[in-house]
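The values are calculated or read from the model by the stated rules, or taken from the named source; none is laboratory data. This structure is a prediction, so every number in the text was calculated from the model and none was measured. With ideal geometry, Cβ positions are generated from the backbone for all residues, glycine too; neighbour counts draw on all protein chains shown.
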Amino acid sequence: MTTENTSIVQRALAGLIETGDVDTLASFLSDDFIHHRPDSTTATKAEWLAAVRAALGPTAGMQVEILHLLADGDHVVVHSRRRLPDAGPEIVVVDVMRIADGRIAEIWEIIEPVAHAAANMAWWESARG
């Protein structure tokens, strides 16, 4: 199951990352797909796909580099680095995807701007001190 779920995510992301093909990604999402953001808001399949089109479409030009792809049971984790064009901000993203019936049913997304990483670690350093 883990290998099959990893393959589903790889196929869903391949066209998206290489060419901005959102339609192929859409075919891998369940009809009742839910996207969860760090601020506890959610988006439906249609809402999330519209946001992906805006970010990765041919005029947006975001570059995505997959750093790690890990799977455990019905969950697949994607760790990526994303860059906006024209020296825009660089972010690191962790997406936790739940696979059900051969489709991506849910995604939880965690985003951190690379420029904020040191400041975001301050709580850790003070807790150890």
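For segment 99-122, give me the residue count where each residue is touching a helix residue (DSSP H, G or I) at 6+ places or on another chain (Cβ under 9 Å), closer than 15 Å to T6 by Cα and not small (G, A, S).
Qualifying residue count for the region: 4.
Would you check which residues across segment 32-57 are farther than 20 Å from G102 by Cα, in a helix (DSSP H, G or I) and modelled with pLDDT of 95 or more and list them?
E47
Can you tell me which of (1) touching a helix residue (DSSP H, G or I) at 6+ places or on another chain (Cβ under 7 Å); (2) under 16 Å from L25 (Cα atoms); (3) modelled with pLDDT of 90 or more is the one V64 doesn't meet?
Here V64 meets the rest and fails (3).
For segment 107-116, which residues satisfy the criterion of being assigned to a strand (DSSP E or B), out of contact with any His (no Cβ under 7 Å at 6 or more places or on another chain) and farther than 11 Å from H79 by Cα?
Within segment 107-116, E112, P113 meet the criteria.
Kindly indicate whether any position in segment 58-69 is buried (at least 17 other Cβ atoms within 10 Å of the Cβ) and outside any strand (DSSP E or B).
yes
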